[in-house]
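Notes to accompany the following structure.
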Amino acid sequence: MQEHWINKGSSTLLLFFSGWGMDERPTMHLDTGDRDLCTCFDYQDRKVPESCIHRWCTYPEIVLAGWSLGVWAAQDILRDQADVCSRIVRSVAINGTLSPVDDMEGIPRNVFQGTLEGLNEASLDKFFRRMTGSAQDYEAFALRAPRRSLQDVKEELSALLAGVDDSKASGIMDTSTSLIWDEAWIGNRDRIFPPDNMRRYWDGRTRVRELDLPHYPFGAFDHWRNILGA
């Protein structure tokens, strides 16, 4: 896992787990106000250094967001981190579920597998176009697109698939956790995670907020407080 920090000397940390293939760039336009921000990405290796855990625990309050596969990654990374979770005062899952490779509650397996097996520069660009929803939104996203190599993001996607399958086989996501999601956002124009699958997953698990947004929702906002209320 990689991290990108914005430090303003705040006692509150905005802790954001971004989606597959991302870095800090796609959300750098969002104003943090007077809050510190740690953006996490690249889940090829989800073992977080103790120095990072210690740094998160220096904050009395943490406001958490996970987006897309970052929802699952956040749960996987934090499930045994009770000290971190005890500091979370608000948590929002955005366009993702804890069953991210699933025909009924996530991305259908044949779609996920096909994305991995056919990944090249052209198909990655097509993914970004589907993710952003419209030609205008794609053009805006292209100005802040992540700067990672194709091989890097392919290895990450393979690691995520293996991790999701391992957690499903062991039932680990069902038996964790001190991390509870306060709210789940569902973008009605999401073309990556089918909205009906997200509805099925989150129904009865947490408060759901449905919005007229694509999978990448951040182009519609300019401040983290619009998303996290912080």
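Quick notes
- Highest-first packing order for the peptide set 213-226, 102-115 is 213-226, 102-115, based on the mean count of other beta carbon atoms within 10 Å.
- Kirkwood hydrodynamic radius of region 87-204, from the reciprocal of the average inverse Cα-Cα distance over all distinct pairs: 15.8 Å.
- The lysines whose alpha-carbon is closer than 25 Å to the alpha-carbon of K154, local same-chain residues fewer than 8 away aside, are K47, K126, K168.
- The charge dipole of the chain, taken about its Cα centre with unit charges on the Cβ of Lys, Arg, Asp and Glu (plus for the first two, minus for the last two), comes to roughly 320 debye.
- Here the sum of -39500 (n - 2.57) over DSSP H runs of 4 or more residues, divided by the residues of the chain, equals -10500 deg cm²/dmol at 222 nm, to the nearest 500.
- Evaluated over the Cα positions of the chain, the convex hull gives a direction-averaged projected area, one quarter of its surface, of 11.3 nm².
- For the listed peptides 12-20, 29-37, 92-100, a ranking on the average number of other beta carbons within 10 Å per residue, highest first, reads 92-100, 12-20, 29-37.
- For the chain, the residue among G19, A140, C40 whose Cα projects farthest onto the positive side of the dipole built from Cβ charges is A140.
All of the numbers you see were taken from the coordinates with simple rules; none came from a lab. All figures in this text were calculated on a predicted structure; none of them were measured in a lab. Cβ coordinates were reconstructed from backbone atoms using ideal geometry, including for glycine residues, and neighbour counts include every protein chain displayed.
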